[in-house]
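Note sheet for the following structure.
The values are calculated or read from the model by the stated rules, or taken from the named source; none is laboratory data. Computed from a predicted model, the values in this text were never measured in an experiment. We place every Cβ from the backbone using ideal geometry, glycine too, and count neighbours over all the protein chains shown.
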Amino acid sequence: MTTKPPAVAASKAATKNTPTPVLLTTAQVSAMLGITVRTLANWRCAGTGPRAVVGRSTGGVRYHRADVETWIRNEWGVSTMA
């Protein structure tokens, strides 16, 4: 039986406890904000909307839910918590 080095075991344990970020599509974010997909794209290009993540291989645009919620609070002063 082989045991993993402590650093590897600790790294795997930390990864297991780290939540996976929720990625949203442009359609989902535009629906959350009550705007069109085109307006969201314009905001992204202007650098005024929520921070976007662009896929390396696909070029697809996604948004971290936490970034969108933070942007809403900062821009509109609205709580996204129910």
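Please find, within the range 33-68, the residue that is farthest from the chain's Cα centre (by Cα) out of those that are small (G, A, S) and surrounded by 15 or more Cβ atoms within 10 Å (Cβ to Cβ).
Here the residue is A41.
When W71 is evaluated against the numbered criteria (1) at pLDDT below 95; (2) exposed (fewer than 14 other Cβ atoms within 10 Å of the Cβ); (3) not β-branched (V, I, T), which criterion, by number, is the only one it fails?
(2)
Under 8 Å between Cβ atoms, which residue pairs at least 6 apart in sequence (or on different chains) link something in the range 32-51 that is more than 15 Å from E75 (Cα to Cα) with a partner that is surrounded by fewer than 18 Cβ atoms within 10 Å (Cβ to Cβ) and among the small types (G, A, S)?
V37/A27
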